[in-house]
Amino acid sequence: MKTICEIYPCLQGEGARAGTPSILVRTLGCNLRCGWCDTPYTSWQLEKGQYTVDDVRAALEANPQIEEVILTGGEPTLSPELGDLIRLCRAKDKKITLETNGTRLIAEEWMRSVDLVSLSPKLSNSLPADKAIARRHEADRIHLPVIRQWIESAADYQLKFVVSTPEDIQEINTLINALSLGKNKIYLMPEGRTQEELQQKRLWLAEICIREGFHYCERLHIIIYGDKRGV
């Protein structure tokens, strides 16, 4: 079975581990359809998988200096190979960051094997233009019990929000209050795929983070390489 579309060494681009050398493993498939999705080949225009778990093993063995693995998507909890990937990373003594939209659970055994779950609940700014697709997306984009279970099960967590406008902050505060969370593990990231788009939002979002007590989150890979694949 091939549900993996990308494997490459990189620097983690976002969140608490930004700048950390990592092997990125991207799986195919997503249950959401964000209007601003920057990996449409994992959701909107699904590619055919190219790689297997054995290919991931080869990448880990070819890069022994790299101690961390990012399991991402799409939505990696949809991958039937996720358990095998987690088992492989554990066998190779790698630290695991799992990036998920927080709408699905996996086996408790695997959840407890994740060192950092990076939860990225989708705000209403993610709604796609197509009304029929938007209805399905809206019905599935937030599942508070799932988010709570991930926070309780993984060794550590962060919540990372894509912010399009200042008005998004009220929605974020409502959500973290419903989860009874503080702000020390909340990261706000400007929405955008180019330096120009990001720069338009950086200044006001940075000021909001200072005022509200959130962490500001950059998109390091776009700063360094631009919006392209394989970095």
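The values are calculated or read from the model by the stated rules, or taken from the named source; none is laboratory data. Everything numeric here is computed off the predicted structure, so don't read it as measured data. For neighbour counting, all protein chains shown are included, and Cβ atoms are generated from backbone atoms with ideal geometry for every residue, glycine included.
Taking the criterion of being surrounded by 12 or more Cβ atoms within 10 Å (Cβ to Cβ), more than 18 Å from the chain's Cα centre (by Cα) and assigned to a helix (DSSP H, G or I), the only residue of the stretch 174-191 that qualifies is 178. Here residue 223 passes the criteria (1) of a type in the set (Val, Ile, Thr); (2) exposed (fewer than 15 other Cβ atoms within 10 Å of the Cβ); (3) at pLDDT 90 or above except the one numbered (3).
Taking first residues from the stretch 43-69 that are farther than 30 Å from residue 136 by Cα and touching a residue at least 12 places away in the same chain (Cβ under 8 Å) and partners that are assigned to a helix (DSSP H, G or I) and of a type in the set (D, E, K, R), the Cβ contacts under 6 Å between residues at least 6 apart in sequence or on separate chains come to 53/84.
Residue-level analysis places residue 121 outside the set of residues that are assigned to a loop (DSSP other than H, G, I, E, B) and either at pLDDT below 95 or basic (Lys, Arg) (or both).
The criterion of at least 2 residues that are in contact with a Pro (Cβ under 9 Å, 6 or more places away or on another chain) and of a type in the set (Gly, Ala, Ser) is met, among helices (runs of 4 or more DSSP H) falling completely within the stretch 10-111, by 53-62. Of all residues in the stretch 216-231, those satisfying the criterion of being more than 12 Å from residue 163 (Cβ to Cβ) and either small (Gly, Ala, Ser) or not in a loop (DSSP other than H, G, I, E, B) (or both) are 220, 221, 222, 223, 224, 225, 226, 230. Annotation for the stretch 92-108: at least one member residue is charged (D, E, K, R) and exposed (fewer than 15 other Cβ atoms within 10 Å of the Cβ).
Checked across the stretch 147-157, the condition of being surrounded by fewer than 19 Cβ atoms within 10 Å (Cβ to Cβ) and closer than 20 Å to residue 204 by Cβ holds for no residue. For first residues located in the stretch 140-163 and over 25 Å from residue 36 (Cα atoms), partners that are among the charged types (D, E, K, R) and in a loop (DSSP other than H, G, I, E, B) and lie 6+ apart or on another chain with Cβ distances below 8 Å form the pairs 153/112; 154/112; 154/115; 155/112; 155/115; 156/115. Any residue in the stretch 15-38 that is more than 26 Å from residue 159 (Cβ to Cβ) and either surrounded by fewer than 21 Cβ atoms within 10 Å (Cβ to Cβ) or at pLDDT 95 or above (or both)? Among the residues of the stretch 15-38, not one is more than 26 Å from residue 159 (Cβ to Cβ) and either surrounded by fewer than 21 Cβ atoms within 10 Å (Cβ to Cβ) or at pLDDT 95 or above (or both), which makes the answer no.
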